[in-house]
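See structure below.
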Amino acid sequence: MHTLLETITSVRELGIIKVEKTFIAKTILSMIAGAAIAFGYITYFIITDAIGGGMGLLVGASLFPIGLMIVLMAGGELLTGNMFVVGTSWLHKDVSTKDLILNWVHITLGNFVGAVLVAYVFVLYLGTVDPEMPLLIATGFGKVNTSPMKMIVSGIGCNIFVGLSVWMYIGSKDGFLKFMSIWFPIAVFIILGFQHVVANMFLLVILVSQNLITLTQYLSNLSFVFIGNAIGGVLFVGLLYALVADSLKS
């Protein structure tokens, strides 16, 4: 593993790279990331439903991380990861507030297109997973039928794990450690039921298409979970490690 100071330097440099990518690169890579998370969620539902019980949840959650593996190992721009990485660069004044906002907006839109396309093409049209699956519907209802504050707190919990996953991935020197850095934290946040804004873009649009929830409920959930994910990534991972790094320098 790289040292903490080496890792935070790499995170800051990556944040600069992310905001400086071309419009086309960010658009394509963000759509790929949204689709990758959606495919991971499809796999989770198929396996969890087929096996059932606690074992089904364990195996399904263990397969969901394929989405972030694609993003980090093959290339992609995922909003929750960018909240941590670009947010850390912003905390160090490596990128401006304008850069941060424009990056997050661009990646949000790209992730949304990728996730929703997978929902409509591979679920609602192709039927890779039954859109009327009780597990899928119950999971979606659980995400919208809760208070805004609980959505925010759940979003914070989610992006603490995603941020730590990205942090450990960047800090790892070899492929096996990088793989494990993605796998365990992401599987855990799925087991704990935390809310991920991009995963919700995919899941909840299926319920909207079947008139099981309203568009207002959909957008409200995404808004509050977005806030929670941002707080989790920027403050509870980026800021805390930045403070530790600064204390080590002094």
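The values are calculated or read from the model by the stated rules, or taken from the named source; none is laboratory data. On a predicted model such as this, the values are computed, not experimentally measured, just so you know. Cβ placement follows ideal geometry from the backbone for every residue including glycine, while neighbour counts extend to all protein chains displayed. The protein model used for the area step is the full one, side chains on, heavy atoms only, and it has no ligands, DNA or RNA in it. Shrake-Rupley method; radii C 1.70, N 1.55, O 1.52, S 1.80 Å.
Between Ile191, Gly54, Gln210, the Cα set farthest toward the positive side of the dipole of the chain (charges on each charged residue's Cβ, about the Cα centre) is that of Ile191. What the chain shows is 44 Å² of accessible area per residue, with the surface traced by a 1.4 Å probe over protein heavy atoms. In terms of the Cα gyration tensor, with a ≥ b ≥ c the square roots of its eigenvalues, is region 99-138 rounded because a/c is under 1.5, prolate because a/b exceeds b/c, or oblate? Oblate, because a/c is 1.5 or more while a/b does not exceed b/c. Counting charges near Ile32 (Lys, Arg +1; Asp, Glu -1) among other residues having Cβ under 12 Å from its Cβ returns a value of 0. For region 42-58, putting each phi into the Karplus relation 6.51 cos²θ - 1.76 cosθ + 1.60 with θ = phi - 60° gives couplings of 4, 4, 4, 5, 4, 6, 4, 5, 5, 7, x, x, x, 5, x, 4, 4 Hz, in residue order, rounded to whole numbers and with x for Gly and Pro. Residues with beta-carbon under 15 Å from that of Lys249, excluding Lys249: net charge, scoring Lys, Arg +1 and Asp, Glu -1? Around Lys249, the surrounding residues sum to -1. Taking the protein heavy atoms of region 203-250 in the context of the full set of protein chains, the accessible area attributed to carbon and sulfur is 71 percent at 1.4 Å.
Dipole of the chain, Cα-centred, from +1 at each Lys and Arg C-beta and -1 at each Asp and Glu C-beta, to the nearest 20 debye?
Details: 11 positive and 11 negative charges, 69 e Å.
Dipole about the Cα centre, nearest 20: 340 debye.
When the Cα positions of Leu136, Trp90, Val234 are compared along the charge dipole of the chain, Trp90 comes out farthest toward the positive end, with charges on each C-beta of Lys, Arg, Asp and Glu. Hull volume per residue, based on the alpha-carbon atoms of region 1-57 and their convex hull, is 109 Å³. From its DSSP helices (H runs of at least four residues, each -39,500 (n - 2.57)), the chain gives a residue-normalised ellipticity at 222 nm of -25000 deg cm²/dmol. Computed from the C-beta positions of Leu102 and Leu235, the FRET efficiency with R₀ = 22 Å rounds to 0.60. Could you list, in their original order, any pairs among Lys150/Lys178; Lys26/Lys98; Lys21/Lys93; Lys18/Lys249; Lys21/Lys249 whose Cα atoms are separated by more than 20 Å? Pairs exceeding 20 Å: Lys150/Lys178; Lys18/Lys249; Lys21/Lys249. In terms of overall dimensions, the C-alpha atoms belonging to region 1-145 reach 47, 33, 31 Å along their principal axes, ordered largest to smallest.
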